[in-house]
Every structure is written in structure tokens, then in C-alpha cells.
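Asker: Below you will find the structure I want to go over with you.
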Amino acid sequence: MCMIYCPQCGKELQDDAAFCDRCGHKMGEPVGPSEGRWRGRYAARVERATRGPDYLDGVGFGVFLIAVAWVYLQYPWVGTELVAWFRTWVNGPTYLPVILVEPIFLFFIIMGGWGLAEGGLRMISGRISRGLGNIVGALGNFAIAYLIRGYGQGLIGASGLLPGFVIIIGASIVLSAILGSFAWSPRRD
Ligand SMILES: [Zn+2]
């Protein structure tokens, strides 16, 4: 038996279901404005369910591998330096060596650039909720890149790196939650 998805909350249902057993939506009826409260919570699933498969995550993994390879080509010593840094952690946490600043900056810039492209492509294809999530993630990547570069330039002290990182991650989570609470609905066509 094939599966269908609730157009309101995205739950997988038997194809002969008359009602959704999670949100109570009556199958075959349009999703009304009063049901919009579900969209924030399940917007990404609704988009997936109503707009078919999305291959951008696979592309994103490829871009991640390309970013790693590109950083290695630009800074062939980066692996040795990373291993040397991790070894110092045996004796307790140590600050990021300044020599690793530029390779890490480059990596986060590439990932941020891809995040913007991914978000833009998703929004063009009507996946507004996931697209906005990608763009928030991209801004977070750029913020981390410039935080680390600021550390390399002495603008941010070594003890400011971890709090800065935590603030950026926290702000990304809060921003995603705020964006997700709007009633972003997939295009109905
Ligand atoms: Zn439902």
C-alpha cells in the first residue's frame, strides 16, 4: 500500500485515510487559514510532502567535500597543524593557533556561500521554510568566519572566541525559531 502525506501537518498516512490521526485534517479538503498553526511546526515536512523529493542535501554534501579539498589545496599543512593542535588538548583546552585562522575562515566562507545558494534555490522552488533555514545557517557560517578572522587579527581575544561561537549558534537557533513560527505555506498549485 502506498503512503500519502497530510497536507496540513505532513504526517505519513495510509492512502485510504479519511482524516489525519495527528492533526485531524479532513483529507481532500483544502488547508484553511485556521489550520495555519500547524504550518510553522511542520512547514518543512509539508513542503517536502507536497513538493516532492529535494536533492539539495546531497549536493550540499558534495560541496562540503569540495570545500575540504579546496582548503587542503590552498593550505597543504592544515591537516598537520590541526592534529598538532588536537594533541595539545590532552593537557587541557588550548586556544586556536593563529596559523589555522585563514584555512578555517576559507572553509566557513565557502559553506556560507553554498548556504545562500541552497536557500535561494529552495525558495525559488517554493520551499520557503527550508530555504529561510539555509539562509540563516549561511549567515551563521559567515559570522563564524569573521569571528575567527577577527581573532586572527587580534580584534577578538582568545577568551572571546568560544563565547562568540556560542552567541552565533544561539542567535541562529532563535532566528530559525522566529522564522519557523510564521505561517509559511507551500505554494498550492
Ligand atoms: Zn495532519
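None of the figures in this text is laboratory data; all of them are computed from the coordinates on show. Just so it is clear, the structure is predicted and the values come from calculations on it, not from any experiment. Positions of Cβ are generated from backbone atoms using ideal geometry, with glycine treated the same way; all protein chains shown enter the neighbour counts.
Asker: Given R₀ = 30 Å, what would the calculated FRET efficiency be for Thr88 paired with Ile173, taking r from the Cβ atoms and rounding to 0.05?
Answerer: 0.50
Asker: For Leu96 and Ile124, what is the calculated FRET efficiency with R₀ set at 30 Å and r taken between the beta-carbons, to the nearest 0.05? Write out the running numbers ahead of the final one.
Answerer: Values: r = 37 Å, r/R0 = 1.24.
Calculated value: 0.20.
Asker: With labels modelled as points extended 7 Å from the Cα through the Cβ direction, what inter-label distance (nm, one decimal) is found for Gln74 paired with Val59?
Answerer: Going from the Gln74 label point to the Val59 one covers 2.2 nm.
Asker: Classify segment 64-189 from the C-alpha gyration tensor, please: rounded if a/c falls under 1.5, else prolate or oblate depending on whether a/b exceeds b/c.
Answerer: prolate
Asker: Which of Val101, Val59 comes first, and how do the rest follow, when ranked by fewest Cβ neighbours within 10 Å?
Answerer: On the way: Val101 17, Val59 14.
So the ranking, lowest neighbour count to highest, is Val59, Val101.
Asker: Further, regarding this structure: Sketch the reach of a paramagnetic label on Ala158 as a point 7 Å from Cα along Cα-to-Cβ, and name the residues of segment 93-109 whose backbone nitrogen lies under 19 Å away.
Answerer: Residues 93-105 qualify, since their backbone N sits under 19 Å from the label point.
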